[in-house]
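A short worksheet on the structure shown next.
The values are calculated or read from the model by the stated rules, or taken from the named source; none is laboratory data. All values reported here derive from a predicted model rather than from experimental measurement. Here the Cβ positions follow ideal geometry from the backbone for every residue, glycine too, while neighbour counts run over all protein chains shown.
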């Protein structure tokens, strides 16, 4: 009896972890996300979304034992809290409309991504803290950039399912392949040897390699055989240009 009570208390304190930890999030995403676009108007009215946010807030991430489960947790948390801040302020044309400080927002470190609106295990944190101080600092995996979705059209597409530790590697690979196949974000002029890449690979350049050659070889892992072969044949001959980033809201 004491062991049963202890187990219940442990679950209530640690919150979500384990194989089916984000099942509720998958149910929500599968209903309100299609082709990476979100039905924010209906999502914000669904009580289940608030329940999932509450579960995240009560979770102690340190209690999640598996590295894969922990990374899946943080990716889901980033995406869920991004959805939450948009839903809380909907309708908006862009998540950047939620910046404080107007045109001085970046200089004052007051973008919406710096706002400490996230409650996690009695701690306050921002989206930037989750991305840069936790995920990028603790996990050496550039593919996370294709899983974190900042609610913009030029972001990677939001999956219609939650990330899960037991299939995280496959999910991240698939996200990368989808992202690099979207020609509004990335496209390749093989005849001219020009790779037009998302600004994400510029903003976080060091995460993808120490040179353009390394960056291109990383990208080639997720391209068609023909394009990948063309890059691998002479990566030093290729030029990188970056596509414009569209911050319009990724809504249906």
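Computed values, structure above
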read-out: Residue satisfying all of: in the stretch 32-60; closer than 16 Å to residue 130 by Cβ and in contact with a strand residue (DSSP E or B) (Cβ under 8 Å, 6 or more places away or on another chain); surrounded by the fewest Cβ atoms within 10 Å (Cβ to Cβ) among these; value: 57
read-out: Tally of residues being out of contact with any strand residue (DSSP E or B) (no Cβ under 9 Å at 6 or more places or on another chain) and either crowded, with 17+ Cβ neighbours inside 10 Å or within 19 Å of residue 200 (Cβ to Cβ) (or both) across the stretch 213-227; value: 7
read-out: Wholly enclosed helices (runs of 4 or more DSSP H) of the stretch 167-231 bearing at least 3 residues assigned by TED's automatic domain parsing to the domain that holds residue 136 and in contact (Cβ under 8 Å) with a residue 12 or more places away in the chain; value: 168-181
